[in-house]
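The next block holds one structure in the form of structure tokens; read it before the comments.
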Amino acid sequence: MTVTAPSLPRILGPIRPRPRGRETRLLAIVSITILVGSVSLELAKHVADPGESKGLSPANPLHLGVYLGLIWLAHLALILSGRRVDQILLPATSMLGGISLLLMERLPQTAVVQEVGPWKLGLGDIQLAWLILSFSLATALAVTVRSDRWLRLYKYTWAAAGVALLVATYVFGDDINGQRLSLSIGPISGQPAELLKVILVVFLAGYLSEYRPLLVEESTTVGPIKLPPVPFLAPMVAMWAIALGLVVVQRDLGAALLFFTVFLSLLYAATARVGYVVLGVVLFLAGSFVMYRLVGTVQTRVDIWLDPFKSPSGDGYQVIQALYAFARGGLIGTGLGAGLPTVNGNLPIPAVHTDFPLAALGEELGLVGVMAILGLFLVVVERGLRIAASAADDFRALLAAGLALVIGTQAMIIAAGNLKLIPLTGITLPFVSYGGSSLLVNGIIVGLLLALSDRGVEPPPPRPRGRLARWTGRVTRLETPAAGRAPLPPGASSGAVETRP
Amino acid sequence: MSALPARRPQPLGRSIGQVGLALIVAFAGIALGAGYWQVIRSPDLSRAPDNPAVIAAARNVVRGAITDRDGKTLASNKRNPDTGEPYRVYANRAFNTVIGYSSTDFGTAGLERSWNAELTGVSARDPIGDLLRKFRSDPYDPQKLKLGISSALQRAAVEGLGDDRGAVVMLDPTTGEILALASTPTYDTNAIANPKTSRDAFAATLDDASHPLVTRATQGQYVPGSVFKIVTAIAGLGSGRITPNTTFPNQAKAERDGLLVKGFRIHEHPGVPAETFDLNEATEWSSNIWYALAGMRTGGDNLSSFAGRMGFGAPLDFDLPTAKSQVTTGDGSAPGGFTDEVELANASYGQARTLVTPLHMALVASTVANGGILMKPHLVIATTGRDGTRTIANEQLSVVISPEDAAAIAEAMRRAVESPVGRQFTTGADVPGISVAGKSGTAELGGSGEPHSWFIGFAPVDHPRIAIAVIVERGGRGGARAAPLAGDLMALFFKEFGS
């Protein structure tokens, strides 16, 4: 065995710039679009109140300059790194981030106010700060991550860390609106469930890639349904339990739905067995039904979803106001800054910046804008799945697919919730919603996807042999033939396949 | 090595592609959902009275005026000298149960509510216009509303009802245009709209024991009594179970007093001869027993379904909120939702659990008048905005019965007003020089006190131009209050609009 011990990622290689023409062109389009949006925002202010506005100018030139500068710096960093990473992801996500910045500038700045030293920061300022951190993180990961071992080899450690985060949130977390989602460490507070998404995908990618041959091959037949071998049902049940636990303990329906959907999608991607998905959906429906009966929050959400107009000024208010916003937008929207009429100085939709950005954008950009935003998410997912499909081994494929699916599924759940297609859950619209934890984790996801997209990344290590011996001997025999599938590192002998008795 | 697996896992690319496809399908579903709310449901949600855009506009926008069919202003605006905000002024108290009010503090009612979006100009019930409007610097375009109501008829109807509680509905049976929609008691909408007096006036109106905020013409649910026999005739002839020549003995020989249905005895009014009647005679005499037998032969399912064709069983789609009219509560096990034969027999002459709104009974008369075709009733006949006037098109609601069946019922109703027998029950409904068809009703409410006085009818019988329904609460027999008032109002119609 000549496999070297896992090393820390090399920070920077020698600088050999590589032009990224497609990314340059796309970023130019993104920049112009955001600039036009910003000017249109200022013009809307001008129409409403000519005295207060500069007329033909960006709404907040400083914000716009900083954001676009940041994006172009990220582009420059990728060029200088010389890596062959994906050229579509950065433009697509920076477009979403730009839309988010415009929206947060457009909403009343007093929605969120933080005082940092001498400065009083409003909604737009804070969101810009998080966007800067998020894209910096993405770029840093894209440039520096040249090995996946630190993710691959410690999947159980990651899983334990994830569960620890969850427990810590429950024990030490802050109660907000009856949900216990955020954890404060000194002045910084965050929502660990966001980070849990990435940890979950890392663990699942590791677990599924290792046991994939088994999950595909073996089955226990129960009536007409083929189940995986009983020991391997455990993670499925564990995921189910974690999802239900999130609902019961944290009242976090959105995260539960997201985790379970991503889990089932990855399980299907790894095994191509419809039976698993059917089983998962049945488990999910059974769990949902019990939760509906037992947990008040779930019942309220579902009842609101079924008929929000039953109490239009009570429980149904937020959902109805969102639908009104979509309706006011119509096909082409009211224009940025010209929608969202205030009543007694209040915005029509409560929590619009975190839970309903799509409704606000649907009103001001219309159906056309909603389609464009959905399209951008599909582009991100498509790039992620493409990276997955051409990955060098199963772990990377499942990791990339999982990361892309987290973004796509999350966008799907909250968009469908906003549009009253499913019950509303309070998760964020990736890159668009206000919120630091969400933006940072999305930055991590994009950074990892970019790094994974580099075909020149360090080759995957050989499949560790004999690990399955912990299970039954029968299992060990099954594992063997698949072991040769992973490309072997130069040092490993191709004759190293051994069969244990 | 015999236990080697027979197949290897397929490459990941394919199943990843399938997952991607599933996600694309889900996104397509979301896009369709967005299209549903933003295009299909956009017009009605944008007009909802509690939509913030509508509320915000209502505060500052000078609402469009409302006029009667001759262009006479019924609702206009003044400005509050203190705040500069506009408020509504109403010209005539006779209209206020139709027009309602618009108040900064207490919201809207009546047409001011249902047409709020057009009056404030946030929407024009015109998708293309709404789209173009967004490109303008001043997006609000308050619309003027023109009602089909004739001020002369409306005032006369309210004056005719006087101090009684009741309602009058008059409409053109060929178009569905409402010419008068009176409900009494009325209330003071000017006081509610005026910011200086609104608080006290609104509280006083809410406390009023006569419930003036309930528009009786559209929201009052009344026992119909004998006017409902026209619904039974429509169902009987329409289903073919009854013809104009179908006869029933008014007093079966075997039973000495009335008609025994499964142990329940149906009585005739005093004075009706014990003979064998056909449709005309039964309608002239307003025979309960004939109509009970006709209803039982028609069957509960036919009675319910023909009433359903005229919109019974659900609130009507109308400019104002409507209560639903019903033949039965519909939860029984017998055909048509009746509990049993007894209920069907009693419903056939307008008792049991039948409940109707005055508007709905006017539509029943209108259906017979218009050759069996029911036109959609409407109050607003045109809207005028920046881009000119849009006429509200007449709409056919349903074909209820054939022209021949309608003509047979019309003839029976004509005899009920004009024949020597019929005249006894509908005194005063006739109009000199014009042939009138109609049916009176006396709705027994049980207990003591006067019954509700009903009349429905139309004129002229050959080419009907006006259909009418009148109810006077506790007004006595149909011939006592409702029929004479209907006669006066129809006479006024022909005076105003030419005979």
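Put +1 on the Cβ of every Lys and Arg and -1 on every Asp and Glu Cβ in the range B:242-323; which of B:M296, B:G311, B:P244 then has its Cα farthest towards the positive end of the dipole?
After comparing all options, I get B:M296.
Can you compute the FRET efficiency between A:A140 and A:T24 using 1/(1 + (r/R0)^6), with r the Cβ-Cβ distance and R0 = 22 Å? Round to the nearest 0.05.
0.60
For chain B, what does the alpha-carbon gyration tensor say about shape, rounded, prolate or oblate, given a ≥ b ≥ c as the root eigenvalues, a/c under 1.5 as rounded, and a/b over b/c as prolate?
The shape class here is oblate.
Using amide H atoms built in the peptide plane, which far-off residues or other-chain residues are under 5 Å from A:R146 H to H?
Here the answer is A:R10, since their amide H atoms fall under 5 Å of that of A:R146.
To the nearest 20 debye, what charge dipole does the range B:263-399 have about its Cα centre, counting +1 at the Cβ of each Lys and Arg and -1 at the Cβ of each Asp and Glu?
About 500 debye.
May I ask which residue of B:A53, B:Y87, B:A65 lies farthest towards the positive end of the charge dipole of the range B:7-89, with charges of +1 (Lys, Arg) and -1 (Asp, Glu) on Cβ and the Cα centre as origin?
Of B:A53, B:Y87, B:A65, it is B:A53.
Could you work out the per residue convex hull volume over the alpha carbons of the range A:289-408, in cubic angstrom?
For the range A:289-408, the hull spanned by Cα atoms encloses 142 Å³ per residue.
Per residue and in Å³, how big is the convex hull formed by the alpha-carbon atoms of the range B:170-270?
201 Å³
Helix B:198-207 versus the longest principal axis of chain B: what angle, 0 to 90°, nearest 10, using Cα atoms?
It is inclined by approximately 50 degrees.
Evaluate peptide A:403-411: per residue, the Cβ atoms of other protein chains within 10 Å of its Cβ; return the mean as an integer.
Mean partner shielding for this stretch: 2.
If you take the Cα atoms of the range A:28-88, find Rg, then find the Kirkwood Rh from the mean of 1/r over all pairs, what is Rg/Rh?
1.18
Starting from the Cα gyration tensor of the range A:78-166, multiply each eigenvalue by 5, take the square root, and state the resulting semi-axes largest first in whole Å.
31, 21, 12
Residue farthest toward the positive end of the dipole of the range A:9-149, with Cβ of Lys/Arg at +1 and Asp/Glu at -1: which of A:V116, A:S136, A:S147?
A:S147
Under the √(5λ) rule applied to the eigenvalues of the Cα gyration tensor, what semi-axes describe the equivalent ellipsoid of the range B:345-384? Give them in Å, descending.
In descending order the semi-axes read 28, 14, 5 Å.
Taking the Cα atoms of the protein assembly as shown, what is the range of coordinates along each of the three principal axes, in descending order and whole Å?
Principal axes ranked by extent give 119, 76, 46 Å for the Cα atoms.
Can you tell me the order of A:358-366, A:390-398 when each peptide is scored by its average per-residue count of other Cβ atoms within 10 angstrom, highest first?
Result, highest mean first: A:358-366, A:390-398.
To the nearest whole number, what is the average tally of beta carbon atoms from other chains within 10 Å of the beta carbons of peptide A:389-399?
2
Under 18 Å Cα to Cα from B:K146, which aspartates and glutamates show up? Leave out anything in the same chain fewer than 8 places away.
B:K146 reaches B:D68, B:D70, B:E112, B:E118, B:D126, B:D172, B:E177, B:D319, B:D387, B:E395.
Using only the alpha carbons, work out the radius of gyration and Dmax of the range B:326-456 in angstrom.
When restricted to the Cα atoms of the range B:326-456, Rg and Dmax are 18.6, 59 Å.
Report the charge-dipole magnitude of the range A:83-180 in Debye, nearest 20, computed about the Cα centre from +1 at each Lys and Arg Cβ and -1 at each Asp and Glu Cβ.
Computed about the Cα centre, the dipole is about 560 debye.
Listed highest first by mean packing, meaning other Cβ atoms within 10 Å per residue, what order do B:427-434, B:299-306 come in?
B:299-306, B:427-434
Taking 0.36 nm per residue of sequence separation and subtracting the Cα-Cα distance, how much length would be gained by fully extending the chain between B:K324 and B:T197, in nm to one decimal?
Length gained between B:K324 and B:T197: 42.3 nm.
For peptide B:45-52, what's the mean number of Cβ atoms from other chains within 10 Å of each residue's Cβ?
6
About its Cα centre, how strong a charge dipole does the protein assembly as shown have in debye, to the nearest 20, once Lys and Arg get +1 and Asp and Glu get -1 at the Cβ?
The dipole of the protein assembly as shown has a size of about 4540 debye.
Counting pairs of alpha carbon atoms under 8 Å apart in space and at least six apart in sequence, what relative contact order in percent does chain B give?
Answer for chain B is 15 percent.
Report, in degrees rounded to the nearest 10, the 0 to 90 angle that the Cα long axis of helix B:358-369 makes with the longest principal axis of chain B.
For B:358-369 against chain B, the angle is about 70 degrees.
Under the rule of at least 5 residues apart or a separate chain, name every residue whose amide H is placed under 5 Å from the amide H of B:Y87.
Sorted by chain and number, the residues that satisfy this are B:K78, B:R79, B:N80.
Calculated FRET efficiency, A:L133 and B:T83, Cβ-Cβ r, R0 60 Å, to nearest 0.05?
Efficiency, rounded to the nearest 0.05: 0.80.
Label-point separation (nm) for A:K120 and B:H463, each offset 7 Å from Cα along Cα-to-Cβ?
Roughly 7.7 nm, to one decimal.
Express the relative contact order of the range A:25-110 as a whole percentage, based on alpha carbon pairs under 8 Å and six or more residues apart in sequence.
The value is 35 percent.
Sticking to Cα atoms, compute the Rg of the range B:214-297 to one decimal and its Dmax as the biggest Cα-Cα distance, whole number, in Å.
That works out to 14.2, 48 Å for Rg and Dmax.
Can you put B:H378, B:H452, A:H46 in order, fewest other beta carbons within 10 Å first?
A:H46, B:H378, B:H452
Any of B:K439/B:K495; A:K310/B:K376; A:K45/A:K197 with alpha carbons more than 31 Å apart? Name them for me.
A:K45/A:K197, as the Cα separations exceed 31 Å there.
How much mean residue ellipticity at 222 nm does the protein assembly as shown get from its helices, if each DSSP H run of length 4 or more adds -39500 (n - 2.57) and you divide by all residues, to the nearest 500 deg cm²/dmol?
Calculated from helices alone, the mean residue ellipticity at 222 nm is -15500 deg cm²/dmol.
Let a ≥ b ≥ c be the square roots of the eigenvalues of the Cα gyration tensor of the range B:1-117; is it rounded (a/c under 1.5), or, if not, prolate (a/b larger than b/c) or oblate?
The shape class here is prolate.
Rg and Dmax of the range A:302-350, using alpha carbons, in Å: what are they?
12.0, 33
Could you give the angle, 0 to 90 degrees to the nearest 10, between helix B:482-497's Cα long axis and the longest principal axis of the Cα atoms of chain B?
70 degrees
Readers should treat all values here as calculations from the given coordinates under stated rules, not as data from a laboratory. All of these numbers come straight from a predicted model, not from anything done at the bench. All Cβ positions, glycine included, derive from the backbone under ideal geometry; neighbour counts span all protein chains shown.
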